[in-house]
Amino acid sequence: MSLSTKHLLGIRDLTRDDIALYLNTARHFKEVLQRPVKKVPSLRDVTIVNLFYENSTRTRISFELAEKRLSADTINFTASGSSVSKGETLLDTVNNILSMKVDMVVMRHSASGAPHFLAKHIPAAIVNAGDGINEHPTQALLDALSISEKMGGLEGVKVAIIGDILHSRVALSNIYLLTKMGAKVTVCGPPTLIPRYIRESLGVEVSYNLRETLEWCDVANVLRIQLERQNQVLFSSLREYNLAYGISRRMLEEIKKDIVIMHPGPINRGVELDSDVADSGQSIILQQVENGVAVRMAVLYLLSSQNPTA
């Protein structure tokens, strides 16, 4: 069984079989990561560049660790301190890197569509590590793996995506993946942070009431308020947001339901999640981080086998 695409640009481009293959391969690599010797020679002699034009902690470290576990050769690039600051274009930057015989590019960029642009102009396989407010496909895959492990699958699971839906690439990729795999999805947040027509365009339910949403769902995937992407005031204050949409231990105890709590990070503690919720037994946030390495190993391994230059 092979993938239907040469790149991983977004979940929107994937079939159900593609998603299943990524998740099954990630489960295999997760078993590998439990061994005393965690390194395998699967990508020996494959060179991967991590091309990050935006700040990142979890995603970047996770990709770097996945590459090392697969024995790949890696090059780490950051826009700050590079010729980008002198005006070099994205395409020139990448072509210069490719002239050094790079096989794959893992890319994060603030511009939506930047990985798609590269995929049309260079021969290397492209992995989208987050592009603007468009998609974050590997985050959706690791979220799906985490939900599947906890709930025994994805079909029929009720997932609430809560918070800044309007600016979240994580939300969009999760919606694409979960609906394709048969989960039921509701988005919840202030009206100003939920796109208009999302119900009609993406087939999800919309709620503006946090308590009702939590009473409905099996899994709450809570998103960070992305103030850096907001060019206008969309709610009165972080304090007001917390009062209306922050999840507290008291609220969960009142609902009396064992809801799985997720968050892609970084967490704004005391805003979208109180610390005693983020660190509780209901939270699988650290399992998400652990699964991120296995998922990214699966992505790199499968794309390498699809790409004749790798």
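The values are calculated or read from the model by the stated rules, or taken from the named source; none is laboratory data. Source: prediction; values computed, not measured. As a convention, Cβ positions derive from the backbone with ideal geometry for all residues, glycine included, and neighbour counts pool all protein chains shown. Heads up: the accessible areas ignore ligands, DNA and RNA and are worked out on the full protein's heavy atoms, side chains in. Shrake-Rupley method; radii C 1.70, N 1.55, O 1.52, S 1.80 Å.
Hey, can you tell me all the residues within segment 123-147 that are open to solvent by 10 Å² or more (accessible area, probe 1.4 Å) and farther than 19 Å from L3 by Cβ?
Matches in segment 123-147: I133, N134.
Would you tally the residues in segment 259-269 being more than 16 Å from the chain's Cα centre (by Cα) and open to solvent by 40 Å² or more (accessible area, probe 1.4 Å)?
2
Looking at segment 271-294, is at least one residue more than 18 Å from I161 (Cα to Cα), open to solvent by less than 10 Å² (accessible area, probe 1.4 Å) and not polar (S, T, N, Q)?
yes
Inspect segment 167-181 for any residue being assigned to a loop (DSSP other than H, G, I, E, B), open to solvent by 30 Å² or more (accessible area, probe 1.4 Å) and not hydroxyl-bearing (S, T, Y) and give the result as yes or no. Walk me through how you get there before you give the answer.
So in segment 167-181, the residues assigned to a loop (DSSP other than H, G, I, E, B) come out as 167-168, 181.
Next, from what is left, pick out any that are open to solvent by 30 Å² or more (accessible area, probe 1.4 Å): none.
No, the conditions are met nowhere in segment 167-181.
Output the residues belonging to segment 68-95 that are part of a loop (DSSP other than H, G, I, E, B) and at pLDDT 70 or above.
First, pick out the residues of segment 68-95 that are part of a loop (DSSP other than H, G, I, E, B): 70-72, 79-82, 87-89.
Passing the criteria: L70, S71, A72, E88, T89.
Among the residues of segment 30-42, is any of a type outside the set (A, V, I, L, M), open to solvent by 20 Å² or more (accessible area, probe 1.4 Å) and touching a Lys or Arg at 6+ places or on another chain (Cβ under 8 Å)? Walk me through how you get there before you give the answer.
Going residue by residue through segment 30-42, those that are of a type outside the set (A, V, I, L, M) are 30-31, 34-36, 38-39, 41-42.
Checking the rest, the ones that are also open to solvent by 20 Å² or more (accessible area, probe 1.4 Å) come to 30-31, 34-36, 38-39, 41-42.
Filter once more, keeping what is touching a Lys or Arg at 6+ places or on another chain (Cβ under 8 Å): 38-39.
Checked segment 30-42: at least one residue is of a type outside the set (A, V, I, L, M), open to solvent by 20 Å² or more (accessible area, probe 1.4 Å) and touching a Lys or Arg at 6+ places or on another chain (Cβ under 8 Å).
Quick check: anything in segment 51-61 part of a strand (DSSP E or B) and open to solvent by less than 20 Å² (accessible area, probe 1.4 Å)? Steps first, please.
Narrowing segment 51-61 to residues part of a strand (DSSP E or B): 51-52.
Checking which are open to solvent by less than 20 Å² (accessible area, probe 1.4 Å) leaves us with 51-52.
Yes, the conditions are met somewhere in segment 51-61.
I'm told L142 meets every condition in (1) in a helix (DSSP H, G or I); (2) more than 19 Å from K184 (Cα to Cα); (3) under 10 Å from the mean Cα position of the chain (by Cα); (4) not acidic (D, E) except one. Can you identify the failing condition by its number?
Result: L142 fails condition (2) only.
What single numbered condition from (1) in contact (Cβ under 8 Å) with a residue 60 or more places away in the chain; (2) in contact with a strand residue (DSSP E or B) (Cβ under 9 Å, 6 or more places away or on another chain); (3) over 14 Å from V170 (Cα atoms) fails to hold for G130?
Among (1) in contact (Cβ under 8 Å) with a residue 60 or more places away in the chain; (2) in contact with a strand residue (DSSP E or B) (Cβ under 9 Å, 6 or more places away or on another chain); (3) over 14 Å from V170 (Cα atoms), the lone unmet condition for G130 is (3).
What pairs come up if the first residue lies in segment 57-80 and is free of Cβ contacts under 8 Å to residues at least 60 places away in the same chain and more than 18 Å from V295 (Cβ to Cβ), the second is open to solvent by 30 Å² or more (accessible area, probe 1.4 Å) and of a type in the set (F, W, Y), and their beta carbons are under 9 Å apart, counting only those six or more places apart or on different chains?
Cβ pairs passing all conditions: F77/Y53; T78/Y53; A79/Y53.
Quick one: is R199 surrounded by 15 or more Cβ atoms within 10 Å (Cβ to Cβ) and of a type in the set (K, R)? Break it down stepwise before answering.
On the way: surrounded by 15 or more Cβ atoms within 10 Å (Cβ to Cβ): no; of a type in the set (K, R): yes.
So R199 does not fit the description; no.
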